[in-house]
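The structure appears right after this line, and notes come after that.
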Amino acid sequence: MTIGIYDSGLGGLSVWRELRRQVSAPLIYFGDTAHLPYGDKSPDQLMDYFRASLAFLESRGCTGLVVACNTTSSVVLPRIKHLVKLPLVGMIEGAVEAASAVTKGCIGVLATQATTASGVYQRAFQDVLPHGQVFVQSAPALVPLVEEGQVSGQRARQALQSYLEPLTARGIDTLLLGCTHYSFLMELITELLDGKIQIIDPASAVAGEAKAALAGIGGQGGTTEFWVSAQPERFKATAELILQEELPPVYLKE
Ligand code: DGL
């Protein structure tokens with residue numbers, strides 16, 4: 001089985017790096033960089049991008065899919081998951097399970113505007129923790145910063161401070177990273193929260209879920225083919241910066 005990993009850009013690499021530790025299947029990563037960021041797009045646009053990306057990944061031979069994008073998982077998958085033929089795993093279930101397992105009952109979620117507006121996290125936590133409290137904060141400046149490789153400077157710090165402050169003011173005990181790009185801001189978020197709040201990056205939980213759900217991908221160390229829909233050189237350079245490793249060539253989907 002070849003597994004596709006899909007995101008708007010670099011964010012899904014946080015799931016990819018966990019997935020490749022856990023599975024031996026060949027992987028194909030696709031970042032839809034021509035349409036970045038997804039967070040400010042309409043449900044219809046996100047649906048179109050997903051359909052085109054899925055068709056591309058299928059044409060490359062993918063027989064399973066990890067939607068490593070909370071925005072698509074929140075807005076698109078609830079509408080069309082039942083129509084997609086190949087087995088797929090999104091972000092929401094794994095993220096909710098991972099945060100619910102550790103929280104004392106007050107959860108903050110940082111997410112894109114589209115994810116926040118979808119109400120998916122608010123509803124999912126309500127189901128699992130009916131007596132819990134959930135506050136979802138949209139953080140529109142963060143994806144562009146990660147895409148520029150600005151994961152540790154003053155701009156990222158200031159933006160994060162402004163998004164975290166309303167959540168810490170509510171007394172959250174757990175912060176869920178509700179966008180795959182935010183994994184690359186983990187160091188800064190950890191520093192700003194000063195050990196007082198548990199931070200949940202769902203990447204590893206989602207990779208585990210994918211391993212269990214997409215049969216026959218156990219083992220370790222498959223190869224990955226990388227594709228984007230715009231600016232492959234830029235993607236490769238920034239990916240190498242934030243992952244701190246060299247990547248194979250990144251191809252352009254025309
Ligand atoms: N990384 C994606 C997510 O998890 C999309 C972010 C974006 O392009 O706005 O939501």
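Things to note:
- The residue that is nearest to the ligand (Cβ to nearest atom), counting only those in the stretch 49-71 that are among the β-branched types (Val, Ile, Thr) and buried (at least 23 other Cβ atoms within 10 Å of the Cβ), is Thr71.
- The number of residues in the stretch 8-58 that are touching a strand residue (DSSP E or B) at 6+ places or on another chain (Cβ under 6 Å) and of a type outside the set (A, V, I, L, M, F, W, C) comes to 6.
- Applying the criterion of being of a type in the set (A, V, I, L, M, F, W, C) and over 22 Å from Val143 (Cβ atoms) to the residues of the stretch 1-19, the residue that is nearest to the ligand (Cβ to nearest atom) is Ile3.
- Residue that is nearest to Gln244 (Cα to Cα), among those in the stretch 20-48 that are away from the ligand (no atom under 15 Å from the Cβ) and in contact with a helix residue (DSSP H, G or I) (Cβ under 8 Å, 6 or more places away or on another chain): Arg21
- Cβ-Cβ under 9 Å pairs, at least 6 apart or on other chains, the stretch 8-36 side of a type in the set (D, E, K, R), far side in a loop (DSSP other than H, G, I, E, B) and crowded, with 24+ Cβ neighbours inside 10 Å: Asp32/Ser8; Asp32/Gly9; Asp32/Tyr38; Asp32/Cys69
- Every listed requirement among (1) in contact with a Lys or Arg (Cβ under 7 Å, 6 or more places away or on another chain); (2) over 19 Å from Gly90 (Cα atoms); (3) of a type outside the set (A, V, I, L, M, F, W, C); (4) modelled with pLDDT under 95 is met by Ser229 save one, (4).
For every residue, the table says whether it meets (1) modelled with pLDDT of 95 or more; (2) under 29 Å from Glu97 (Cβ atoms).
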site	(1), (2)
Met186	yes, yes
Glu191	yes, yes
Ala215	no, yes
Ala237	yes, no
Tyr251	yes, no
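- Scanning the stretch 164-178 for residues that are modelled with pLDDT under 95, under 21 Å from Gln133 (Cβ atoms) and not hydrophobic (A, V, I, L, M, F, W, C) turns up nothing.
- Long-range neighbours under 9 Å by Cβ, at least six apart or interchain, first residue away from the ligand (no atom under 14 Å from the Cβ) within the stretch 82-93, second part of a loop (DSSP other than H, G, I, E, B) and among the hydroxyl-bearing types (Ser, Thr, Tyr): Leu86/Thr63; Pro87/Thr63
- Scanning the stretch 100-118 for residues that are away from the ligand (no atom under 15 Å from the Cβ) and within 17 Å of the chain's Cα centre (by Cα) yields a count of 1.
- For the stretch 111-130, the condition holds for at least one residue, the condition being that it is within 18 Å of Ala203 (Cβ to Cβ), assigned to a strand (DSSP E or B) and at pLDDT 95 or above.
The values are calculated or read from the model by the stated rules, or taken from the named source; none is laboratory data. As the structure is a prediction and not an experimental result, all values here were calculated from the model. Counting neighbours? That spans all protein chains shown, and the Cβs are built from the backbone with ideal geometry, glycine included.
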